[in-house]
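The values are calculated or read from the model by the stated rules, or taken from the named source; none is laboratory data. Because the structure is predicted, anything quoted here is derived from the model rather than measured. Neighbour counts run over all protein chains shown; Cβ positions are idealised from the backbone, glycine included.
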Amino acid sequence: MHVYPYTITISSEKGGVGKTTLATNLAIYLKAMREDLPVTILSFDNHFTIDKMFELQKREDDTPDVHALLMGAKASEVVQVGQYGVGYIRSSTELGDIHERFKGPMTLTRMLAESGISGVVIIDTRPDLNILTQNALYAADRVLIPVKDLPSLENCKNIFALFDQRGIDKKSLALIPCLIDSRIKFDGIFKDQKTLLRAIAVNRGYRCLDSYISKSPKVESLNTNPDGKIYPILTHARGTEVHSQFMEITRDLLRSVDATKETRACLYHTWLLEKEAGKKESYLARLEGLAERCLICGALFTEHPEDRSFYFETSDRSARGFLHGNCVSNMLCSALYGLQENDATFDSARALVAEKITRSVSLLLPRIGFEASRLDYRQFSMVGEQLLQKNVEMPGFDAGEFNGVHNRLYLLLNEALAGFEGALRKESWLSVYPVDPANPEAVLHEDAYKIIHRLQKLFAEVVRQAI
């Protein structure tokens, strides 16, 4: 059975608001209050607080870390079992080179969905909104934003704006007043820091937790001591107000975990699977109705599957299929240069034609008139830039006569574009695309076929203007 994590992201653009203290201690409280719940913590910051708090033994240089995870390593290879039963992924100072890999906003969501990590994942982010932080925000089932003063509250608007830009529901976002000094009192309606911060947050449309975390000299001393260790609140500050506050926040989070039937990672992965299934169905549909033979030489592909180097498609998609590379090269060599195979310059001309058509798309637009027939032949680059245009006279085509030079061209046009009583379908045309002969069907895969679809629309406009 596939498992998906419930993801909690701790984020703030303002430093010094207690972000990492909140992340590390929540991991410990969650594990302590529900021992059978897997809890994993990781950080995109480079201060190594997580490592100092959770590592059981000295770090080896080759131990996989968060950089390895983001570069594609399996979660089972990077998650270490640490102090207090909390799983953790060791931090890294070398995350700058992976930003290119995370251009997509949901890259981390997909990684978490496919990671096999269960239970709760807590992500501690940098005090900025770089692409990794954005990925962590979008992946979260719950985002906790610590605020301790008006500047940190002011910075929250950027996180909310990101969700608006992406059209993502902001119900996962919640502010939590942190490092609140209970000695500070105000005159008027707002008696203290937490009341003031909460009122301003609500007035701006931000959700704010009822819970808060007090400023505590005892808690601060856990991070600064002569032996250089970092101690958790649960074991070294049980008699403080902060301990009770973490208990309350943890209970609230556990209720959310229990109430969430499908986590964000699960929903996104389900959507991806459905999308992939849709792509597969579309691909199979595109495979259906392909011509069973090369329309130029007539050979069945079941008997001659080799050299399927080109894919053709008519303007109305009524005829689609593959063509042998030699057949296309020979046909265009004769059509463009008026040469037959026994001519002395045929081979050199064919080599020139073959070199060009394997890097471009050919558009064949027959123009059938009362007095003469001709082919408007054009070549385009794969981005739609016209490279060549040539008018090819087609004597005898309308009368159904072969003339030796254009036999292959006449066969292709008649086989692909013939309509009622053998006449060509009005204003119809076909295009010919180079494909990989080792795997020609790959051109019908979703991403590759998008290029064809885009070019077909371009060609339709080119033909409309030409006519």
So residue 247 passes all but one of these: (1) in a helix (DSSP H, G or I); (2) assigned by TED's automatic domain parsing to the domain that holds residue 177; (3) under 30 Å from residue 105 (Cβ atoms). Which condition number does it fail? (3)
Would you confirm, using the coordinates I've provided, whether residue 336 is modelled with pLDDT of 95 or more and touching a strand residue (DSSP E or B) at 6+ places or on another chain (Cβ under 8 Å)? no
When restricted to 255, 238, the only residue surrounded by fewer than 19 Cβ atoms within 10 Å (Cβ to Cβ), at pLDDT 90 or above, in the same structural domain as residue 108 (by TED's automatic domain parsing) and in a loop (DSSP other than H, G, I, E, B) is 238
Failed item, numbered, when residue 437 is tested on (1) of a type outside the set (Lys, Arg); (2) touching a residue at least 24 places away in the same chain (Cβ under 8 Å); (3) assigned to a loop (DSSP other than H, G, I, E, B); (4) farther than 25 Å from residue 282 by Cβ: (4)
Quick check on my filter: what residues within region 16-64 are outside any loop (DSSP other than H, G, I, E, B), more than 20 Å from residue 5 (Cβ to Cβ) and without any contact (Cβ under 8 Å) to a residue 60 or more places away in the chain? 51
Filtering region 235-253 for residues that are in contact with a strand residue (DSSP E or B) (Cβ under 9 Å, 6 or more places away or on another chain) and under 29 Å from residue 115 (Cβ atoms) leaves a count of 2
Applying the selection to region 161-177, what residues are among the charged types (D, E, K, R), in contact with a helix residue (DSSP H, G or I) (Cβ under 9 Å, 6 or more places away or on another chain) and under 11 Å from residue 142 (Cα atoms)? 170
Give the residues of region 329-365 that are farther than 14 Å from residue 406 by Cβ and among the hydrophobic types (A, V, I, L, M, F, W, C), sorted by residue number. 344, 346, 349, 351, 352, 353, 354, 357, 361, 363, 365
Among the residues of region 166-183, is there at least one that is modelled with pLDDT under 95, touching a strand residue (DSSP E or B) at 6+ places or on another chain (Cβ under 8 Å), surrounded by fewer than 17 Cβ atoms within 10 Å (Cβ to Cβ) and in the same structural domain as residue 42 (by TED's automatic domain parsing)? yes
Out of region 230-260, which residues are of a type in the set (Lys, Arg) and more than 40 Å from the chain's Cα centre (by Cα)? 238
